[in-house]
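Take a look at the structure below.
The values are calculated or read from the model by the stated rules, or taken from the named source; none is laboratory data. Worth saying up front: this structure is predicted, and the values here are computed from it rather than measured. Neighbour counts run over all protein chains shown; Cβ positions are idealised from the backbone, glycine included.
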Amino acid sequence: MVVVLEDNADTRAALSETLSREGYDVFATADGIEALDRLKIVPRPCVVLLDLHLAGMSGADFYRRQQSDPALASIPVIAVTAAPPDQRAGLGAIPVIRKPFDLDELRFAIDRVTSREKKAGPAS
């Protein structure tokens, strides 16, 4: 399961469609609270694709809340954004894919973080 947190409906639909064609189950929303709630439901998502400019809650706020919850902190996050580097404060060292995104780059980033999660095993 991939959670897509994106405020732009067209981009959200494109990411969802692309990931579905790649064989992923997708939960897509523009709402950070809804996304945080979804992270708590089994099956646990393998990754969150996070836009930084959201209505109601910034991507950085979502990331801080996710990281502050021990049950959610180990779920990998990839920022998918058009924001320049100086607007990415508060995200630590998470991978960033620039919009417009390249499918091969997106696939590589997801494979990389989900492989790392599998090697690390579930959080206890």
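Within the bounds of segment 50-60, is there any residue that is modelled with pLDDT of 95 or more and at negative phi? Yes, the conditions are met somewhere in segment 50-60.
For segment 14-36, taking the residues that are over 14 Å from the mean Cα position of the chain (by Cα) and either modelled with pLDDT of 95 or more or assigned to a helix (DSSP H, G or I) (or both), the one that is farthest from Gln67 (Cα to Cα) is identified as Arg21. Of the residues screened, Ser16 is not one that is more than 25 Å from Asp111 (Cβ to Cβ) and hydroxyl-bearing (Ser, Thr, Tyr). Within segment 48-74, restricting attention to residues that are in a loop (DSSP other than H, G, I, E, B) and in contact (Cβ under 8 Å) with a residue 40 or more places away in the chain, the residue that is surrounded by the most Cβ atoms within 10 Å (Cβ to Cβ) is Asp51. The requirement of being under 13 Å from the mean Cα position of the chain (by Cα), surrounded by fewer than 21 Cβ atoms within 10 Å (Cβ to Cβ) and within 20 Å of Ala109 (Cβ to Cβ) is not satisfied by Ala83. Residues of segment 2-13 being over 11 Å from the mean Cα position of the chain (by Cα), surrounded by 15 or more Cβ atoms within 10 Å (Cβ to Cβ) and not β-branched (Val, Ile, Thr), which ones? Result: Asp7, Asn8, Arg12.
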